[in-house]
Amino acid sequence: MEFPYTRVCGRLVHFPPVFSIVQISCSFHFHQAYISRILLSSNPIIRDIKVIPNVGSKQDAEWLGLLAGVEYALENGEHAVALEYSNSDVIQGLIIPGTRFYRHSIGQHKQQILTTAEPLDWLGARVISSRHNRALNLY
């Protein structure tokens, strides 16, 4: 089941007519986050793998993956971005305002995502199933 996109932040209140989709996948090994990102709306599809050292936990790595997805869209000149990720807890934490996290660092990552996304006209997110996440195929 595919869920609709939920607005996270941005100047546009309504769903934009044109937007870019960034799918994210994250892996955590030996205190490093391996983040694969795919920009699906470009032609050809742009793929990238980013390694972030000194990551404390799998949860931190997942939130850093969302941040890397927003940064990736901004680097490619996008203005309206929809993030797709297969972890429902992370997406819910992003889209629900005022969510309290059991780890302080996760709240900091969420604030960093919202600050980084300020130049965007619209940022949305949704949960997708693992079989629809093409970023998983980059590892």
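The values are calculated or read from the model by the stated rules, or taken from the named source; none is laboratory data. Worth saying up front: this structure is predicted, and the values here are computed from it rather than measured. Every residue, glycine as well, gets a Cβ built from its backbone with ideal geometry; the counts of neighbours run over all protein chains shown. Please note that ligands, DNA and RNA were not included when accessible areas were found on the heavy atoms of the full protein model with its side chains. Shrake-Rupley method; radii C 1.70, N 1.55, O 1.52, S 1.80 Å.
Which number in (1) within 12 Å of Ile24 (Cα to Cα); (2) in contact with a strand residue (DSSP E or B) (Cβ under 6 Å, 6 or more places away or on another chain); (3) crowded, with 22+ Cβ neighbours inside 10 Å marks the one condition that Val55 misses?
That leaves (1) as the condition not met.
Please specify each residue of the stretch 25-47 satisfying the condition of being under 16 Å from Ala73 (Cβ atoms) and in contact with a Ser or Thr (Cβ under 7 Å, 6 or more places away or on another chain).
Of everything in the stretch 25-47, those that are under 16 Å from Ala73 (Cβ atoms) and in contact with a Ser or Thr (Cβ under 7 Å, 6 or more places away or on another chain) turn out to be Ser25, Ser36, Leu39, Ser41.
What is the residue count in the stretch 96-126 for residues that are part of a helix (DSSP H, G or I) and open to solvent by 40 Å² or more (accessible area, probe 1.4 Å)? Can you show your working first?
Going through the stretch 96-126, the residues part of a helix (DSSP H, G or I) turn out to be 104-116.
Right, trim to open to solvent by 40 Å² or more (accessible area, probe 1.4 Å) and you get 104, 108, 111-112, 114-115.
Residues that pass the stated criteria total 6.
When the stretch 16-35 is examined, which residues are found to be at negative phi and surrounded by fewer than 23 Cβ atoms within 10 Å (Cβ to Cβ)?
Let us first name the residues in the stretch 16-35 that are at negative phi, namely 16-29, 32-35.
Listed by number, the residues that qualify are Pro16, Pro17, Val18, Phe19, Ser20, Ile21, Ser27, Phe28, His29, Gln32, Tyr34.
Any residue at all in the stretch 75-89 that's hydroxyl-bearing (Ser, Thr, Tyr), in contact with a strand residue (DSSP E or B) (Cβ under 9 Å, 6 or more places away or on another chain), part of a helix (DSSP H, G or I) and modelled with pLDDT under 90?
Looking through the stretch 75-89, at least one residue is hydroxyl-bearing (Ser, Thr, Tyr), in contact with a strand residue (DSSP E or B) (Cβ under 9 Å, 6 or more places away or on another chain), part of a helix (DSSP H, G or I) and modelled with pLDDT under 90.
What residue, of Gly56, Gly65, is assigned to a loop (DSSP other than H, G, I, E, B) and not hydrophobic (A, V, I, L, M, F, W, C)?
Numbers: Gly65 fails: assigned to a loop (DSSP other than H, G, I, E, B).
Unique residue meeting the criteria: Gly56.
Cβ-Cβ under 9 Å, sequence separation 6+ or interchain: first residue in the stretch 9-24 and within 24 Å of Lys50 (Cα to Cα) and modelled with pLDDT of 90 or more, partner open to solvent by 50 Å² or more (accessible area, probe 1.4 Å) and assigned to a strand (DSSP E or B). Which pairs?
Pairs that qualify, where the first residue is within 24 Å of Lys50 (Cα to Cα) and modelled with pLDDT of 90 or more and the partner is open to solvent by 50 Å² or more (accessible area, probe 1.4 Å) and assigned to a strand (DSSP E or B): there are none.
Across the stretch 68-95, which residue is nearest to Lys50 (Cα to Cα) among those that are among the polar types (S, T, N, Q) and loosely packed, with under 15 Cβ neighbours inside 10 Å?
The initial filter retains those residues of the stretch 68-95 that are among the polar types (S, T, N, Q), namely 76, 86-88, 92.
Okay, now just the ones that are also loosely packed, with under 15 Cβ neighbours inside 10 Å, so 88, 92.
Working: Ser88: 22, Gln92: 24 Å.
The selected residue is Ser88.
Within the group Ile91, Ile113, which residue is closer than 14 Å to Gly69 by Cα and touching a Leu at 6+ places or on another chain (Cβ under 6 Å)?
Working: Ile91 fails: touching a Leu at 6+ places or on another chain (Cβ under 6 Å).
After applying the criteria, what remains is Ile113.
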